[in-house]
């Protein structure tokens, strides 16, 4: 088995969060009511955990995810009205081509790839 890490993301609206992550390319692989496991079939894995009242305010969510993908522009097209940084995707000083969105619980999600 390969070493890998999976984020467990708290959310107060599982259906809204599931719909958001489906737009990014995830599919539900297991549903346990208040706990859902999502994956994309190519290496992304994400667990959604129902957490009523989380976060106290959308702006106070300190968490984030970075999703690496080959075709950044294709994913950006799927969520273009949700992109929170004007003029992105673009190349960042830290040598990634990326953009960012916010999930329904205020979690920052950056989608990008490393550039040479």
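Residues that are at pLDDT 95 or above, within 12 Å of the chain's Cα centre (by Cα), on the phi < 0 side of the Ramachandran plot and surrounded by 11 or more Cβ atoms within 10 Å (Cβ to Cβ) occur at least once in segment 25-34. Residues in segment 1-18 that are within 18 Å of residue 41 (Cβ to Cβ) and either touching a helix residue (DSSP H, G or I) at 6+ places or on another chain (Cβ under 9 Å) or outside any loop (DSSP other than H, G, I, E, B) (or both): 7, 18. When restricted to residues that are closer than 20 Å to residue 111 by Cα and outside any helix (DSSP H, G or I), segment 22-49 contains 17.
Taking the criterion of being closer than 24 Å to residue 96 by Cα, modelled with pLDDT of 95 or more and under 14 Å from the mean Cα position of the chain (by Cα), would at least one residue in segment 47-60 satisfy it? No, the conditions are met nowhere in segment 47-60.
Condition check ((1) more than 12 Å from the chain's Cα centre (by Cα); (2) within 24 Å of residue 6 (Cα to Cα); (3) touching a residue at least 12 places away in the same chain (Cβ under 8 Å)) across all residues:
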residue	(1), (2), (3)
71	yes, yes, no
75	no, yes, yes
81	yes, no, no
91	yes, no, yes
100	no, yes, yes
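The values are calculated or read from the model by the stated rules, or taken from the named source; none is laboratory data. As the structure is a prediction and not an experimental result, all values here were calculated from the model. Counting neighbours? That spans all protein chains shown, and the Cβs are built from the backbone with ideal geometry, glycine included.
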